[in-house]
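Below: the structure, in structure tokens.
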Amino acid sequence: MSVALNFQQTGIPDAPAVVLLGSLGSDLSMWQPQIHALSNRYRVIAVDHRGHGKSPVPAGPYSIADLGGDVIALLDSLELESVHLVGLSLGGAVSQWIAAHHPTRVETLTLMCTSSQFAPAQPWIDRAQAVRADGIASIAAAVVGRWFTPGLADNDPELVARHVAMVEATPDEGYAACCEALSVWDGRADLARIVAPTLLVAGEQDPSTPPATLSAIADGIADAVLHVVDPGAHLANVEQAGRVTKLLATHIASHISALAQRSAAVSAGMTVRRQVLGDAHVDRSIAGATEFTAPFQDFITRTAWGDIWSRPGLDHHTRRLLTLAILTAVGNEHELDMHIRAALRAGIDPDELVEVFLHTAVYAGVPNSNLAFALGKQALADLSAEPEENETT
């Protein structure tokens, strides 16, 4: 059962939503550099995992699926259909699970300093036992010792102390149960299911999830892009705040720009599609679309109509005749019938169709042109039987 997560929401309410999921032992304050930088452009939602920060601490055991379910429940409560999802370490594991199992909820995915499997399991089990026995404070300094490079730690002891205090404030049971969740999680088989545009960020000096670990994730996700920041340990978003935030912002902005271009192509394509095929046919196609067929409707509107039919090199009249000739040549009866009727309704002279079909008969075969003549004959008969637009029906 999901729990109601604590979260902090800043930025522009109507802007695209960026959801930040943090490391084991952190609270949402670990994202302060990104929250500050992104809030002037986006709706930024930083989240405490269950058992962390101010979120509830239900009794274990936990699983990565449980933590992912919590985030999905949060998105539902905020009425967010999809978001730009960012996860570091434990948050990266949760983000991978969400992207694989709820792909429509993820616009873009950014994975930082994480892994698709935190093997071997025994060290995580031992750590959970140690925290339950001696408290989180017993390991807090050692945990933070892996979060920053020695150079940064030496130069900024206040930063280290602040993060040690953050880990010490994590509930013992929440930390231990999340350790156990990581010990048994294996998301490698799910990587191929992730379709969101994915950015990966690794820290060159990260002892927990080195660049090779992030590279393995990148190999498993189609078209994923990996960047390595140097210097950078496990909390690369803090150590390299400016660089990481710029990578993240560019990744999100590029996707939003691509969506805008795609939307413009769909709009332009729909205009041409209606001009060529007529409103009635297009309306029927749209009304008959399902979740399964909608991607094809989007594809054909953007590419065939928004791209090819919209090119200035040939006018629509010429493209109609070319289309009729090609469809006749390949014997595509359904599409040929549709384009014959669309051409006649658009005022194409039937004599031009005769010339197209005769020409095709010579170069593509008599049987196909015979079919085209039969379809054209029926289309003309049907068209002549249709009532005039000014008649009362």
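The values are calculated or read from the model by the stated rules, or taken from the named source; none is laboratory data. In this text, all values refer to a predicted model and were calculated from it rather than measured experimentally. Note that each Cβ is placed from the backbone with ideal geometry, even for glycine, and that neighbours are counted across all protein chains shown. Surface accessibility is based on the protein's heavy atoms, side chains included, excluding ligands, DNA and RNA. Shrake-Rupley method; radii C 1.70, N 1.55, O 1.52, S 1.80 Å.
When the range 276-295 is limited to residues that are over 27 Å from Asn368 (Cα atoms) and not in a loop (DSSP other than H, G, I, E, B), the one that is most open to solvent (accessible area, probe 1.4 Å) turns out to be Arg284. Residue check: Val228 meets all listed conditions (1) β-branched (Val, Ile, Thr); (2) open to solvent by less than 60 Å² (accessible area, probe 1.4 Å); (3) part of a helix (DSSP H, G or I); (4) farther than 22 Å from Ser82 by Cα but one, namely (3).
Residue-wise test of (1) of a type outside the set (Gly, Ala, Ser); (2) part of a loop (DSSP other than H, G, I, E, B); (3) open to solvent by less than 50 Å² (accessible area, probe 1.4 Å); (4) touching a Ser or Thr at 6+ places or on another chain (Cβ under 6 Å).
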| site | (1), (2), (3), (4) |
| --- | --- |
| Arg50 | yes, yes, yes, no |
| Lys54 | yes, yes, no, no |
| Leu67 | yes, no, yes, no |
| Val86 | yes, no, yes, yes |
| Thr110 | yes, no, yes, no |
| Asp126 | yes, no, no, no |
| Ala137 | no, no, no, no |
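Restricting the first member to the range 249-260 and to residues that are modelled with pLDDT of 90 or more, and the second to residues that are of a type in the set (A, V, I, L, M) and open to solvent by less than 60 Å² (accessible area, probe 1.4 Å), the beta-carbon pairs closer than 6 Å and six or more apart or on different chains are His251/Leu199. Yes or no: Ser310 farther than 18 Å from Leu380 by Cα, without any contact (Cβ under 8 Å) to a residue 60 or more places away in the chain and part of a helix (DSSP H, G or I)? No. The number of residues in the range 6-29 being surrounded by fewer than 23 Cβ atoms within 10 Å (Cβ to Cβ), part of a loop (DSSP other than H, G, I, E, B) and under 23 Å from the mean Cα position of the chain (by Cα) comes to 5. Reported count of residues in the range 88-105, each being within 12 Å of the chain's Cα centre (by Cα) and not in a helix (DSSP H, G or I), is 1.
A single member of Ser95, Ser82 is open to solvent by less than 10 Å² (accessible area, probe 1.4 Å), in contact with a Leu (Cβ under 9 Å, 6 or more places away or on another chain) and either among the hydroxyl-bearing types (Ser, Thr, Tyr) or closer than 16 Å to Asp186 by Cα (or both), and it is Ser95. For the range 113-124, the set of residues classified as surrounded by fewer than 21 Cβ atoms within 10 Å (Cβ to Cβ), of a type outside the set (Gly, Ala, Ser) and part of a loop (DSSP other than H, G, I, E, B) consists of Pro120 only. Against the definition (open to solvent by 40 Å² or more (accessible area, probe 1.4 Å) and hydroxyl-bearing (Ser, Thr, Tyr)), how does Ser2 come out, yes or no? Taking the combined requirement at face value, the residue satisfies it. Of the residues screened, Ala73 is one that is under 24 Å from the mean Cα position of the chain (by Cα) and either farther than 24 Å from Trp147 by Cβ or touching a residue at least 24 places away in the same chain (Cβ under 8 Å) (or both). Which one is most open to solvent (accessible area, probe 1.4 Å) among residues in the range 191-218 that are within 25 Å of Ile256 (Cα to Cα), assigned to a helix (DSSP H, G or I) and out of contact with any strand residue (DSSP E or B) (no Cβ under 7 Å at 6 or more places or on another chain)? If we take residues in the range 191-218 being within 25 Å of Ile256 (Cα to Cα), assigned to a helix (DSSP H, G or I) and out of contact with any strand residue (DSSP E or B) (no Cβ under 7 Å at 6 or more places or on another chain), then Arg193 is most open to solvent (accessible area, probe 1.4 Å).
May I ask you to list the residues in the range 139-184 that are in a helix (DSSP H, G or I), touching a Pro at 6+ places or on another chain (Cβ under 8 Å) and open to solvent by 30 Å² or more (accessible area, probe 1.4 Å)? Gly151, Leu152, Glu180, listed by residue number.
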